[in-house]
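Undergrad: There's a structure below that I have some questions on.
Any read-out appearing in this document is the output of simple, stated calculations on the displayed coordinates, not a laboratory observation. Quick caveat, the model's predicted, so the values are computed rather than measured. Neighbour counts are summed over all protein chains in view; Cβ atoms, including those assigned to glycine, are modelled from backbone coordinates with ideal geometry.
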Amino acid sequence: MYQIRLIPKEELYSIIPFLRILNDAIPEDTLQERLADMMQRNYECAGVYDSGRMIGICGMWILNKYYVGKHIEPDNVMILPEYRNKGVGEEMMDWVYEYGRSQGCIASELNCYVVNDKGIRFWLNQGYKIIGFHCQKKLQ
């Protein structure tokens with residue numbers, strides 16, 4: 001139905017409009033700087049396409065932590081509003097899980113804002129369990 005594939009590094013800046021939808025308070029030049037740094041740190045992103053048009057993204061990190069082992073961490077997951085509630089997110093995540101398995105991952109974990117009720121519901125429906133809190137402290 002939809003094509004899902006890794007976005008080549010040279011095309012990764014095409015996700016900026018999606019990131020702006022996720023958080024329009026971050027200036028575009030800041031997003032570009034951060035993305036450039038992330039790409040140097042093994043950040044990858046899958047794109048979902050409908051007839052060649054990008055309709056969704058899922059950033060991914062492959063990490064290894066002592067408490068979970070090698071795992072894939074979906075990051076900045078976003079489907080265009082007109083494609084939501086049509087199974088696109090589930091299809092994309094099935095692709096992400098398979099990609100993780102192909103990279104030797106034994107689990108997946110992620111962060112979701114506590115105010116994102118729809119996101120929390122989606123992740124719980126995907127089989128995730130809430131195991132802790134994501135905490136942040138600004139250093140500047």
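Undergrad: What is the magnitude of the charge dipole of the range 61-122 about its Cα centre, with +1 placed on the Cβ of each Lys and Arg, -1 on the Cβ of each Asp and Glu, and no other charges, expressed in debye to the nearest 20?
TA: Dipole of the range 61-122, to the nearest 20 debye: 120 debye.
Undergrad: Pull up the cross-link candidates among the aspartates and glutamates for residue 9, meaning alpha carbon to alpha carbon under 15 Å and not fewer than 8 places away within one chain.
TA: 33, 37, 44
Undergrad: Further question on the same structure: Report the residues of the range 80-114 in range of a label on residue 65: point 7 Å along Cα→C-beta, backbone N strictly under 15 Å from it.
TA: The answer is 106-113.
Undergrad: For the range 1-70, take the alpha-carbon Rg, divide it by the Kirkwood Rh, and send me Rg/Rh.
TA: Values: Rg = 13.5 Å, Rh = 13.3 Å.
With Rg and the Kirkwood Rh in hand, the quotient comes to 1.02.
Undergrad: A further question on this structure: How far is the Cα center of the range 1-41 from the Cα center of the range 45-100, in Å?
TA: After rounding, the separation between the Cα centres reads 13 Å.
Undergrad: Next question. Against the 2.2 N^0.38 Å scaling, with N counting residues, where does the range 64-140 land? I'd like the Cα-based Rg ratio to two decimal places. Mind showing how you got there, number by number?
TA: Details: Rg = 13.9 Å, N = 77, 2.2 N^0.38 = 11.5 Å.
The value comes to 1.21.
Undergrad: Compute, for the chain, the length of the dipole vector about the Cα centre, with Cβ point charges of +1 (Lys, Arg) and -1 (Asp, Glu) only. Units Debye, rounded to 20. If you can, show how the numbers build up before the last one.
TA: Details: 16 positive and 18 negative charges, 92 e Å.
Charge dipole of the chain: 440 debye, to the nearest 20.
Undergrad: For the range 46-57, take each phi angle, set θ = phi - 60°, evaluate the Karplus expression 6.51 cos²θ - 1.76 cosθ + 1.60, and give the result in whole Hz per residue in order, putting x for glycine and proline.
TA: Those phi angles translate into 9, x, 10, 10, 10, 6, x, 8, 5, 10, x, 9 Hz.
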